[in-house]
Amino acid sequence: MAQKRMFDKSIVRRDDFMEMPISTQNLYFHLSLDADDDGFVNNWKSILKITSCKEDDLKLLISKQFVIPFESGVIVIKHWRINNILRSDRYHETKYLAEKSLLNTGENQEYTLGTPLVYQLAPEYSI
């Protein structure tokens, strides 16, 4: 696991982030510190205990869409790819490949669940 993590001000200085309780903000930072190189966290219960945060803090992060939960119990930091850019020689792919396969990354680099609908127009031919 990496020893350094970054946070983009465009995420952590947003009003919806700053309006959350300090404990919820703290949890977001600690989850990010423990995330793997793709933003996945499998030990969020331990992090709750270490930080003295409550499960309600995690629920708020989920409801405000700062983290995405999976049925397996793993979570991912939604804005991971905005916050952290790793050189290819330092990157180690997550072991949570099933969960990663459920994610899409849009133009803005945020993770989203599911497959986006792509509308493709039929080509127009002139005669």
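Numbers for the structure displayed
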read-out	value
Unmet criterion (only one of (1) touching a residue at least 24 places away in the same chain (Cβ under 8 Å); (2) exposed (fewer than 11 other Cβ atoms within 10 Å of the Cβ)) for residue 106	(1)
Any hit, region 99-116, residues being at pLDDT below 90, assigned to a loop (DSSP other than H, G, I, E, B), closer than 30 Å to residue 15 by Cβ and over 16 Å from the mean Cα position of the chain (by Cα)	yes
Single condition residue 72 does not satisfy, out of (1) within 19 Å of residue 6 (Cα to Cα); (2) touching a helix residue (DSSP H, G or I) at 6+ places or on another chain (Cβ under 8 Å); (3) not in a helix (DSSP H, G or I)	(1)
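Residue-by-condition table, conditions (1) hydrophobic (A, V, I, L, M, F, W, C); (2) touching a strand residue (DSSP E or B) at 6+ places or on another chain (Cβ under 8 Å):
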site: 6; (1), (2): yes, no
site: 11; (1), (2): yes, no
site: 16; (1), (2): no, no
site: 21; (1), (2): no, no
site: 27; (1), (2): yes, no
site: 31; (1), (2): yes, yes
site: 46; (1), (2): no, no
site: 49; (1), (2): no, no
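The values are calculated or read from the model by the stated rules, or taken from the named source; none is laboratory data. Please read all numbers here as calculations on a predicted model, not as lab measurements. Using ideal geometry, Cβ is built from the backbone for each residue, glycine included, and neighbour counts are taken over all protein chains shown.
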